[in-house]
């Protein structure tokens, strides 16, 4: 069994189609794949119509607010037709569109037009700041994505618009309503202290969250060990995923992340009683 439970298609901020991800997963020897686009289920619906020997896990990654911090909660093994979940994601997508329009207005004021048209020409459903960064590079306003974020899209950036995400508890409730397993994505990528992260994880569990992503693309060994111990201390299931976005990125690929240690394997999310396809 070889799984990847965190990846993205071009329906959010990935670079490739769901069909490409499916073929890439097969080439890399995966047996189970979850495409977890940001606030979007279109890839799941598309993959369901494709014939494959690969086991597809329905998933999503929901952007949430917790104490004015943006965190991401994965929903795995979800019913993609559940109304509570689809209604929440529709609101999230509308917020994303409204945010992009506000950034477009700010860019217009700086003399650069065309962002909204550029976005609408993409296959994307859930727009992100990464798309805006690509536009800024394409139009010559920034040399690369990193500089685009620093000058324009960070909190002090020239066109920054604060997000209005749903609360973490609301995201967990929607995932559970859809029969899914809620999992905190890439915990060590949040700019918070260990003490605050541990409080986040405790509140996540108290609200019905059940898993922690303890291994993902480019994670440091000491971070993985810490997260595995944290999951054990909180009696959470352990999950893994590459967070794959782009085949041209040399640091990651589908299925590329450190293996769980023997202790963490005993609480692997695919052993969860609610694990289903």
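Once you keep just the Cα pairs under 8 angstrom separated by 6 or more residues, what percentage relative contact order results for the chain?
Averaging sequence separation for qualifying contacts and normalising by length gives 22 percent for the chain.
Give the percent of DSSP beta bridges with both residues in the chain that are antiparallel, rounded to the nearest 5.
So the antiparallel bridges in the chain amount to around 40 percent.
Would you order 100, 1 from fewest to most other beta-carbon atoms within 10 Å of each residue's own beta-carbon?
Fewest-to-most Cβ neighbours within 10 Å comes out as 1, 100.
Specify the angular offset, from 0 to 90 degrees and rounded to the nearest 10, of the alpha carbon long axis of helix 83-109 from the longest principal axis of the alpha carbons in the chain.
Here the helix axis deviates by roughly 30 degrees.
Angle check, please: helix 168-177 long axis (alpha carbons) against the longest principal axis of the chain (alpha carbons), in degrees 0 to 90, nearest 10.
So the helix axis and the longest Cα principal axis differ by about 60 degrees.
For an R0 of 22 angstrom, estimate the FRET efficiency from the Cβ-Cβ distance between residue 26 and residue 275 and round to the nearest 0.05.
The pair residue 26/residue 275 has a calculated efficiency of 0.55.
For the modelled label position 7 Å from the Cα of residue 17 along Cα-to-Cβ, which residues of segment 98-135 have backbone nitrogen atoms closer than 14 Å?
Residues passing the 14 Å test: 123-124.
Listing 210, 170 from the residue with the fewest other Cβ atoms within 10 Å to the one with the most, what is the order?
So the ranking, lowest neighbour count to highest, is 170, 210.
To the nearest 10 degrees, how steep is helix 18-27 against the longest Cα principal axis of the chain, on a 0 to 90 scale?
It works out to around 50 degrees.
Roughly how many nanometres apart are two label points built 7 Å out from the Cα toward the Cβ at residue 54 and residue 69?
3.3 nm
Cut-off is 10 Å between beta-carbons; in what order do 131, 72 appear when sorted fewest neighbours first?
131, 72
For the chain, how big is the tail of P(r) above 32 Å, as a whole percent of Cα pairs?
21 percent
Read-outs: derived from the displayed coordinates by stated rules, not from any lab. The structure presented is a predicted model; accordingly, all values stated were derived computationally and were not measured. Every residue, glycine as well, gets a Cβ built from its backbone with ideal geometry; the counts of neighbours run over all protein chains shown.
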